[in-house]
Amino acid sequence: MDIVDVREIFRNREQYLGKEVTVGGWVRSIRDSKTFGFIVLHDGTFFEPIQVVYHDALPNFDAICKTNVGAALIVTGTLVATPEAKQPFEIQATEVVLEGDSTPDYPLQKKRHSIEYLRTITHLRPRTNLFQAVFRVRSLCAYAIHRFFQERDFVYVHTPLITGSDCEGAGEMFQVTTLDLNNIPKTDDGKIDYSQDFFNKPTNLTVSGQLNGETFAMAFKNIYTFGPTFRAENSNTTRHAAEFWMIEPEIAFADLKDDMLLAESMIKYIINFVLENAPEEMKFFNDFVDKGLIERLQHVASSDFGHVTYTEAIEILEKVNDKFEYKVSWGCDLQTEHERYLTEEVFKKPVFVTDYPKEIKAFYMKLNEDGKTVAAMDCLVPGIGEIIGGSQREDDYDKLAARITELGMKPEDYGFYMDLRKFGTARHAGFGLGFERCVMYLTGVSNIRDVIPFPRTVNNCEL
RNA sequence: UCCUCUAUAGCUCAGUCGGUAGAGCAUGCGGCUGUUAACCGCAGGGUCGUAAGUUCGAGUCUUACUGGAGGAGCCA
């Protein structure tokens, strides 16, 4: 018995029509009349389910009628075209084998459930239309990102998840320790004795692979990282998670313009790849999650992203300051409401905001000639806000050392990072793309918890 | 962490002015020869998130707590 994927049947239907097929899947819906019944079977390989018709000629007809939603079945029968009906074809069953039954209290019923309810059944929600579509697109999106960089000969670098560097400074970190928290060893002066910890010093989960990535960029020229990232921030929003994935390319002999070109072509590549390879899923999002999604993505993929400097952006925003709860002026950080106004009202497409005041950006960003701004860029997209943050890196040893000192940090804590500026420094740039935010943008799904298979947020670490 | 909203049947919700609980779907049983979240009939199903308070009486009013949602900050 060769079980064929439903995807294979839909994609090569002519080859299967009129022939006997065997499929294995889970019951989405089942209903019976006196002498026959219908099963909507979904096998996970394709967004659309396949309809099975079973008659009372089957020896186990009564048992099939009692089958519950969610049960696993293996069905053999003839594939018949149904041009008059809603579905293109169906299987006239000659054999229905109950692989594993379900029960009447199966939490997914053949009706619409709220997304919040589905969130409470993390282990079952992948069986629903919405999450089938989300997680197939997530998978394709990851593949598209690897393809994009590999086609351009970027080297994929696995930067460490456990870091002993306490100088990443991008948010709260999760500490990693093997110390017995019920009996913490102390030194004579009462501090925690990390000499007894696994790594002989305090360690944390990474909040960014960028600094490590830079070392490889200064060896391989073009590299990217793609891996999990951890932030212990107490944020409770639709777009923050404690564990998320990030893509961080780093390119040498390149400046901020090259960086933005890379970011823009990457976003367009991902959009085109997903539209081409998940048409059914994208149509579903367009119809039921975010009307106008496909048109918007196609528009983004075929037009140039907007560009505006921070200073210009402030000028634009100051003219409509009465719209905002937080008034803008040069030097202030852009709030969510300002970012949304820029990308949703002014540009109506993704826009790069560049050259921010150095005070509101990280220490490693390249100081511009004006001495006031740095070569930073944020890419803002409608509906999500910041999806990419990047910069050209400060490659001048003395300027970087001065900036580190200016911020009250110690250059000696950044030994390896300073060495890169000492031994053959070169201009270089990079950015970080929030993978989940990218999936949200592609699908129109508005809560990050619904694009992560097993989301970890404050107070929530199920399964 | 702050602000706002919210919690009633397995699910989605209604419940008026404070007077001891209702619908649809789902489930069970019966009917139906082509359904599309099938349809028709009958039935079962509730400590109204938790704890206190006001009241003759609380799903309804008050307070606290817990969970959920949205917004803000932080960021990707």
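The values are calculated or read from the model by the stated rules, or taken from the named source; none is laboratory data. These numbers were taken from a predicted model, which means no experiment stands behind them. Cβ placement follows ideal geometry from the backbone for every residue including glycine, while neighbour counts extend to all protein chains displayed. Heavy atoms of the whole protein, side chains included, go into the accessibility calculation; ligands, DNA and RNA do not. Shrake-Rupley method; radii C 1.70, N 1.55, O 1.52, S 1.80 Å.
Counting only DSSP beta bridges with both residues in chain A, what percent are antiparallel, rounded to the nearest 5?
On the way: 68 of 77 bridges.
Expressed as a percentage, antiparallel bridges in chain A total about 90.
Looking at the P(r) of chain A, how many percent of alpha-carbon pairs lie beyond 34 Å? It would help to have the intermediate numbers written out before the result.
Working: 50015 of 106953 pairs.
Tail fraction, whole percent: 47.
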- So, by mean Cβ neighbours within 10 angstrom, what's the order for A:211-223, A:57-69, A:305-317 with the highest one leading? A:211-223, A:305-317, A:57-69
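Leaving out ligands, DNA and RNA, and with a 1.4 Å probe, what % of the accessible surface on the range A:202-284 is carbon or sulfur? Could you put the intermediate results ahead of the total?
Working: 1760 of 3150 Å².
Carbon plus sulfur share of accessible area: 56 percent.
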- Task: Could you tell me the distance between the Cα centroids of the range A:234-255 and the range A:51-96, to the nearest Å?
- Result: 47 Å
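What accessible area per residue comes out for chain A, rounded to a whole number of Å², with a 1.4 Å probe? Could the numbers behind the result be given before it?
Working: 22800 Å² over 463 residues.
Ligands and nucleic acids excluded, the result is 49 Å² per residue.
Just in the range A:1-77: which GluC sites (Glu not before Pro) are loop by DSSP and have at most 14 other Cβ atoms within 10 Å? List each step's numbers first, then the result.
Values: sites: A:E8, A:E14, A:E20; in loops: none.
Those that pass, being in a loop and sparsely packed, number zero.
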- Scoring the range A:237-341 by relative contact order with C-alpha pairs under 8 Å, at least six apart, yields a percentage of 16 percent
- Projected label distance in nm at A:R147 and A:T94, using a 7 Å step from Cα toward the beta-carbon: 3.8 nm
- Note on the structure: Between the alpha carbon centres of the range A:130-207 and the range A:396-463 the gap in Å comes to 12 Å
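Using a Förster distance of 60 angstrom, determine the FRET efficiency expected from the C-beta separation of A:K186 and A:Q15, and round it to 0.05.
On the way: r = 72 Å, r/R0 = 1.20.
It comes out at approximately 0.25.
Note down the Stokes-Einstein diffusion coefficient of the range A:77-190 in µm²/s, whole number, using a Kirkwood radius over alpha carbon pairs, 25 °C, and 0.890 mPa s. All intermediate terms of the calculation are to be shown ahead of the outcome.
Working: Rh = 21.5 Å.
In µm²/s, the coefficient rounds to 114.
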- Note on the structure: The set of residues whose placed amide H lies less than 5 Å from the amide H of A:V374, leaving out same-chain residues fewer than 5 positions away, is A:Y356, A:K358, A:N368
- the range A:409-459 - percent of accessible surface contributed by carbon and sulfur, probe 1.4 Å: 51 percent
- How about A:K86: which lysines have a C-alpha closer than 29 Å to its C-alpha, ignoring those fewer than 8 places off in the same chain? A:K19, A:K34, A:K66, A:K110, A:K111, A:K283, A:K291
- Query: With contacts defined as alpha carbon pairs under 8 Å and 6 or more residues apart, what's the relative contact order of the range A:318-463 in percent?
  - Reply: 16 percent
- Item | Efficiency of FRET between A:D62 and A:Q87 - r from beta-carbon atoms, R0 25 angstrom, step 0.05 | 0.45
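Can you flag which of A:K327/A:K366; A:K221/A:K410; A:K361/A:K410 are past 22 Å Cα-Cα? Present the calculation step by step, with values, prior to reporting the outcome.
On the way: A:K327/A:K366 28 Å; A:K221/A:K410 28 Å; A:K361/A:K410 18 Å.
Where the Cα-Cα span goes over 22 Å, the pairs concerned are A:K327/A:K366; A:K221/A:K410.
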- Calculate, in nm to one decimal, what A:S195 and A:F174 gain on full extension: separation in residues at 0.36 nm each, minus their alpha carbon distance. 5.7 nm
- Let me know the Kirkwood hydrodynamic radius for the range A:365-463, please, with Cα pairs as the basis and the value in Å to one decimal. 16.4 Å
- Task: Quick one: which residues, 5 or more positions from A:F89 or on another chain, have an amide H under 5 Å from its amide H? H modelled 1.01 Å from N in the peptide plane, none for Pro or chain starts.
- Result: A:T82
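If you take the square roots of the eigenvalues of the alpha-carbon gyration tensor of the range A:1-147 and sort them as a ≥ b ≥ c, do you get rounded (a/c under 1.5), prolate (a/b over b/c) or oblate?
Values: a/c = 2.07, a/b = 1.24, b/c = 1.67.
Verdict is oblate for the range A:1-147.
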- Item | Label-reachable residues, the range A:1-17, where backbone N falls under 11 Å from a point 7 Å from A:T78's Cα toward its Cβ | none
